[in-house]
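J.: After the structure tokens below, expect a handful of questions from me.
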There are 2 protein chains.
Amino acid sequence: MKTDLLEKDGAAAPEALLGGLRRRYATKRFDPDRKIPGGLWDALEEALVLSQSSYGLQPWRFFVVDDPALRARLRPVSWNQAQITDADRLVVFAARKDLGAHDVERYIARIAHVRKVPASSLDGFKQMMLGSLSKSKAELQAWSARQVYIALGNFLAAAAALGVDACPMEGFDAAKYDEILGLSEKGYTAVVLAAAGYRAGDDHAAALPKVRFERADVVEHL
Amino acid sequence: MKTDLLEKDGAAAPEALLGGLRRRYATKRFDPDRKIPGGLWDALEEALVLSQSSYGLQPWRFFVVDDPALRARLRPVSWNQAQITDADRLVVFAARKDLGAHDVERYIARIAHVRKVPASSLDGFKQMMLGSLSKSKAELQAWSARQVYIALGNFLAAAAALGVDACPMEGFDAAKYDEILGLSEKGYTAVVLAAAGYRAGDDHAAALPKVRFERADVVEHL
């Protein structure tokens, strides 16, 4: 079935968007032999790059674990969940550790480069960001983690739109991930995971009706 | 320009997805006279309902502030940002306060209803959720807030796909929001906002090139 999805302004039709969100589910068993086509994976990486964050600061890095040996070492520190080794892709969503002035400087330099403006013209914006980063280390870490979850939501929606199965995962030992993948010395810490690929034919979770509360219990107009 | 967006399996084409994500930006000035068509808004509410969360527990509620008088009261406690009153829609993403056994029971009852299974058959899952909720109040609140940010990411991606402009906003006084909107007595607390509508013709932010770090600086293969 081919359907014309584009409205006149280049946007997707609502039924296509919702179809993807309804079809998706937290995939429990991936088909270990089925790979995400290169073009689709490339789009998903680009969606990661385009993720929204406060100020656009992007306090994150996305580690894609390709090495099967690394995957095998991660599985036991992930409640032995099969998705860790069986999904075509495993993305570790990591937050910047010790977020600070250096990150703001780097971002300002990037804005100046992309928009071809002098960095000095961005000083007001820079001071605003520096001000909002004057929080405790724990508060900053919590804030960065929340930003990473925006990227997770964006990634899951993008995968759903492209018909790629995914499973967000919080059940893992973040400290062990940081150690095994060497994230700490790069200045990052693992926050949440997403496995991506295609569901196995025998994933019984695929057939279960999706459970959401009634809209009236979740969306309230004031 | 009309383009055929659907691949044979009903998924969106990568270029359409990325087009939406590239076109979107944190809209600073909304056109106060331009409304989101009913069908599109309905789809965005459905996307909120379909948002992903850990265990599917949905520890949230989405308050859509329609009342102009309420919007006017919110603006001064939102750094006087114009989006609060000028965007067609304002969504307050709120997290459940004091998340606990009651919420797990309610969710289990919902699963039993939707999947037509006895609640007793879900006891293992229920115990697992209860176990993972045995955290401090502060940890639970932080966890719920992160879940809410998944819903924010999903909403922003959905809006981008549908060609609706949006602006995620953290710059507001959450305690004042809880008070003005009466969220506390409903058992929720404001976490983050999204204004949605259409950009004003004079929003200079619309013309600025999007700034993201290079993919090689954000996505790392291991």
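FYI, it's all coordinate maths here, none of it is from the lab. Note that the structure is predicted; figures quoted are calculated from it, not measured. We place every Cβ from the backbone using ideal geometry, glycine too, and count neighbours over all the protein chains shown.
J.: If you average the sequence gap of Cα pairs under 8 Å that are 6 or more apart and divide by the length of chain A, what percent do you get for the contact order?
T.: Once normalised by length, the contact order is 33 percent.
J.: Between B:His221 and A:Asp98, how many nm apart are label points set 7 Å from Cα along the C-beta direction?
T.: Taking the two extended label points, one gets 3.0 nm.
J.: Placing +1 on the Cβ of each Lys and Arg and -1 on the Cβ of each Asp and Glu in the protein assembly as shown, which of B:Met129, A:Tyr198, A:Phe62 has its Cα farthest towards the positive end of the resulting dipole?
T.: Of B:Met129, A:Tyr198, A:Phe62, it is B:Met129.
J.: Under 20 Å between alpha carbons: how many lysine pairs meet that in the range A:25-218, if sequence neighbours fewer than 8 apart on the same chain are excluded?
T.: Here the count comes out as 11.
J.: Where does the protein assembly as shown land on Rg/Rh, using Cα atoms and the Kirkwood Rh?
T.: 0.94
J.: Follow-up question, since we're still on this one. Using modelled backbone amide H atoms (1.01 Å from N, in-plane), which distant-in-sequence or interchain residues come within less than 5 Å of A:Val192's amide H?
T.: A:Phe93
J.: So how strong a dipole does chain A carry about its Cα centre when Lys and Arg Cβ are +1 and Asp and Glu Cβ are -1, to the nearest 20 debye?
T.: The calculation lands at about 220 debye.
J.: Follow-up. Residues of the range B:16-47 with amide nitrogen under 18 Å from the 7 Å Cα-to-Cβ point of A:Arg22?
T.: B:39-47
J.: Shortest first and in nm to one decimal, what separations exist between A:Leu222 and its copies in the other chains, measuring from label points 7 Å along the Cα-to-beta-carbon line?
T.: Distances between equivalent label points, in nm: 4.1.
J.: Now for a different question. Residue of B with Cβ nearest the axis relating B to A, plus distance in whole Å?
T.: For chain B, the closest residue to the axis carrying it onto A is B:Gly153, 1.
J.: Which listed residue (A:Leu162, A:Ser120, A:Pro32) has the Cα farthest towards the positive end of the charge dipole for the range A:25-218, taking +1 on Lys and Arg C-beta and -1 on Asp and Glu C-beta about the Cα centre?
T.: A:Ser120
J.: What size of dipole, in debye to the nearest 20, comes out for the protein assembly as shown about its Cα centre when the only charges are +1 on Lys and Arg C-beta atoms and -1 on Asp and Glu C-beta atoms?
T.: The calculated dipole for the protein assembly as shown is roughly 240 debye.
J.: Given DSSP loops and a limit of at most 11 other Cβ atoms within 10 Å, what is the longest stretch of chain A that contains no such trypsin sites (Lys or Arg not before Pro)?
T.: A:9-115
J.: Expressed as an acute angle from 0 to 90° and rounded to the nearest 10, what is the orientation of the C-alpha long axis of helix B:101-115 relative to the principal long axis of chain B?
T.: Relative to chain B, helix B:101-115 is tipped by roughly 80 degrees.
J.: Specify the angular offset, from 0 to 90 degrees and rounded to the nearest 10, of the alpha carbon long axis of helix B:123-132 from the longest principal axis of the alpha carbons in chain B.
T.: Orientation of helix B:123-132: about 70 degrees from the principal axis.
J.: Run the paramagnetic zone check for B:Glu170: 7 angstrom along Cα to Cβ, then residues of the range B:177-209 with backbone nitrogen under 17 Å.
T.: Backbone N within reach: B:190-195.
J.: In nm to one decimal, list the spacings between the A:Arg106 label point and its equivalents in the other copies, with label points set 7 Å along Cα to Cβ, shortest first.
T.: Here the equivalent label points are 4.1 nm apart from this one.
J.: Can you give me the Kirkwood hydrodynamic radius for chain A, using every pair of distinct Cα atoms, in Å to one decimal?
T.: 19.5 Å
J.: Every other copy gets compared here: list the nm distances from the B:Ala205 label point (7 Å along Cα to Cβ) to its counterparts, shortest first, one decimal.
T.: Result, one decimal in nm: 3.7.
J.: Out of all DSSP beta bridges with both ends in chain A, state the antiparallel percent to the nearest 5. Working shown, then result.
T.: Working: 20 of 21 bridges.
Approximately 95 percent, going by the DSSP bridge assignments.
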